[in-house]
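Okay, so here's the structure we're looking at.
The values are calculated or read from the model by the stated rules, or taken from the named source; none is laboratory data. Predicted, not measured: the structure shown is a model, and the values here were computed from it. Neighbour counts are summed over all protein chains in view; Cβ atoms, including those assigned to glycine, are modelled from backbone coordinates with ideal geometry.
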Amino acid sequence: MATVHKTNGPRTAMVSTLARLLPVLTLLITAVPAQAFLARPVIFASVGSVTKAPSGWLQFCSENPAECRASPEPQQDVKLTPDLLQQLFTINAFVNDRVKWTSDLDRYGKAERWAMPLDRGDCEDIVLLKRRMLEQAGWPVGALLITTVEDPKLTGSLHAVLTVRTDRGEFILDNQSPEILFWYETDYRFLSRQSASDPNLWVSLVDPKALPGPVLAQR
């Protein structure tokens, strides 16, 4: 006599349907934050005049000239997609977790030295590693701009972050935060950054807090 396996017809059908829909639902759930993020105002920082490059950058380039060459490709903003945005978050988080902040004084016995870090380094070193990893992932170097800022929480304290320039605006990758923010969402006073056309040409930045009220209200 044959054995009959009883099944709950409607429940089995529902489970099967959910199994088929799960990849689609997952994609939709992860896409919603990205779409909301990309829907924010597109505002670019105001660039001022040419200014002096940081001494640490000059020292780094003298030791690592290949890291400091201007790209032969024409300057262009990256067309940001949800996948590229996720790549930004992934690389930013990886470097922030991998490199333990350590002062130059503790590492090298001097106040300022820029170097590519392994597992220890200060803010400039961390920025250098993010810049290299993004470039190796296919991002144009002209969109990866090392930027100097002043942290108002620490009066007179200078800090370095990475500005990533895209068609959706300019993002800040920062070792002091797991978040990626638009430049106008930070509390920093922006001082200078690399030119998009040549990493060895540095330009001053206009104070980003002098923005129209309605724009800030959309943050």
Single residue of Ser49, Ser16 found to be part of a strand (DSSP E or B) and either modelled with pLDDT of 90 or more or exposed (fewer than 11 other Cβ atoms within 10 Å of the Cβ) (or both): Ser49
Single residue of Trp101, Trp114 found to be aromatic (Phe, Trp, Tyr) and within 23 Å of Thr90 (Cβ to Cβ): Trp101
Residues (touching a residue at least 40 places away in the same chain (Cβ under 8 Å) and closer than 24 Å to Val47 by Cα) located in the stretch 133-158: Leu134, Trp139, Pro140, Val141, Gly142, Ala143, Leu145, Ile146, Thr147, Thr148, Val149, Glu150
Any chance Val78 is surrounded by 12 or more Cβ atoms within 10 Å (Cβ to Cβ), at pLDDT 80 or above, within 19 Å of Ala137 (Cβ to Cβ) and not small (Gly, Ala, Ser): yes
Pair list, Cβ < 7 Å and 6+ apart or interchain, from the stretch 184-196 residues that are surrounded by fewer than 21 Cβ atoms within 10 Å (Cβ to Cβ) to residues that are of a type in the set (Asp, Glu) and not in a strand (DSSP E or B): Arg189/Asp207
Top-ranked residue of the stretch 90-120 - restricted to ones that are in a helix (DSSP H, G or I), among the β-branched types (Val, Ile, Thr) and in contact (Cβ under 8 Å) with a residue 24 or more places away in the chain, ranked as nearest to Gln176 (Cα to Cα): Val95
Test: Ser71 is at pLDDT below 95, under 23 Å from Ser204 (Cα atoms), touching a Pro at 6+ places or on another chain (Cβ under 7 Å) and not β-branched (Val, Ile, Thr): yes
Condition met for Ala70 (under 17 Å from Arg131 (Cβ atoms), in a helix (DSSP H, G or I) and not aromatic (Phe, Trp, Tyr)): no
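Quick grid of which residues meet (1) buried (at least 18 other Cβ atoms within 10 Å of the Cβ); (2) touching a helix residue (DSSP H, G or I) at 6+ places or on another chain (Cβ under 7 Å); (3) within 17 Å of Thr90 (Cα to Cα); (4) among the aliphatic types (A, V, I, L, M):
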| site | (1), (2), (3), (4) |
| --- | --- |
| Gly121 | yes, no, no, no |
| Leu129 | yes, yes, yes, yes |
| Glu135 | no, yes, yes, no |
| Gly138 | no, no, yes, no |
| Leu145 | yes, no, no, yes |
| Pro152 | no, no, no, no |
| His159 | yes, yes, no, no |
| Gly169 | yes, no, no, no |
| Pro178 | no, yes, yes, no |
Ser177 being of a type in the set (Gly, Ala, Ser) and not in a strand (DSSP E or B): yes
